[in-house]
Amino acid sequence: MSTQTAEHDAETLESAVNTVRTLPWWNGMATEPVSVERENCYIHVVRKCGSLDRPEILLFRVIPKNGMDPNYGALAEEIPEAAGIYGDLRAEFVGDTTKTCVIENVA
């Protein structure tokens with residue numbers, strides 16, 4: 001998979017989450033990524049099989065376009081809502097150039 005495109009495309013984060021929730025497991029562990037193209041970044045969403053304590057995990061991988069700032073502050077508020085989680089919550093990102101946000105127990 002290239003850093004810019006995924007097997008499936010979506011217009012919004014919400015539609016990417018909805019799409020990834022309907023995809024079959026690949027190798028029994030994860031779905032193929034769904035990509036959302038933004039002005040300043042690409043966001044790949046993957047649903048993974050977790051453990052017994054955390055049965056489902058959503059991964060949001062943010063790939064900046066040409067060194068642009070993807071505005072992680074706004075994404076930190078937008079990603080939980082796209083996953084159907086509301087309230088006073090902000091996502092956290094890990095990584096250097098390509099950052100990933102993990103949301104557990106989203107089933």
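Annotations for the structure displayed:
Okay, residues lined up against (1) hydroxyl-bearing (Ser, Thr, Tyr); (2) at positive phi; (3) in contact with a Cys (Cβ under 9 Å, 6 or more places away or on another chain):
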site: 33; (1), (2), (3): no, no, no
site: 38; (1), (2), (3): no, no, no
site: 64; (1), (2), (3): no, no, yes
site: 74; (1), (2), (3): no, no, no
site: 87; (1), (2), (3): no, yes, no
site: 97; (1), (2), (3): yes, no, no
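- Candidates are the residues of the stretch 92-107 that are assigned to a loop (DSSP other than H, G, I, E, B), over 19 Å from residue 34 (Cα atoms) and not polar (S, T, N, Q); the one that is least open to solvent (accessible area, probe 1.4 Å) is 95.
- The set of residues in the stretch 47-65 that are modelled with pLDDT of 90 or more and either aromatic (Phe, Trp, Tyr) or in a loop (DSSP other than H, G, I, E, B) (or both) comprises 60, 65.
- Considering each residue of the stretch 85-103 in turn, none proves to be among the β-branched types (Val, Ile, Thr) and in contact with an Asp or Glu (Cβ under 8 Å, 6 or more places away or on another chain).
- Qualifying residue in the stretch 73-90 (condition: touching a residue at least 40 places away in the same chain (Cβ under 8 Å), open to solvent by less than 80 Å² (accessible area, probe 1.4 Å), in a strand (DSSP E or B) and touching a strand residue (DSSP E or B) at 6+ places or on another chain (Cβ under 9 Å)): no
The values are calculated or read from the model by the stated rules, or taken from the named source; none is laboratory data. Here the structure is a predicted model, which means the values were calculated and not measured. All Cβ positions, glycine included, derive from the backbone under ideal geometry; neighbour counts span all protein chains shown. These accessible areas exclude ligands, DNA and RNA; they are computed on the full protein's heavy atoms, side chains included. Shrake-Rupley method; radii C 1.70, N 1.55, O 1.52, S 1.80 Å.
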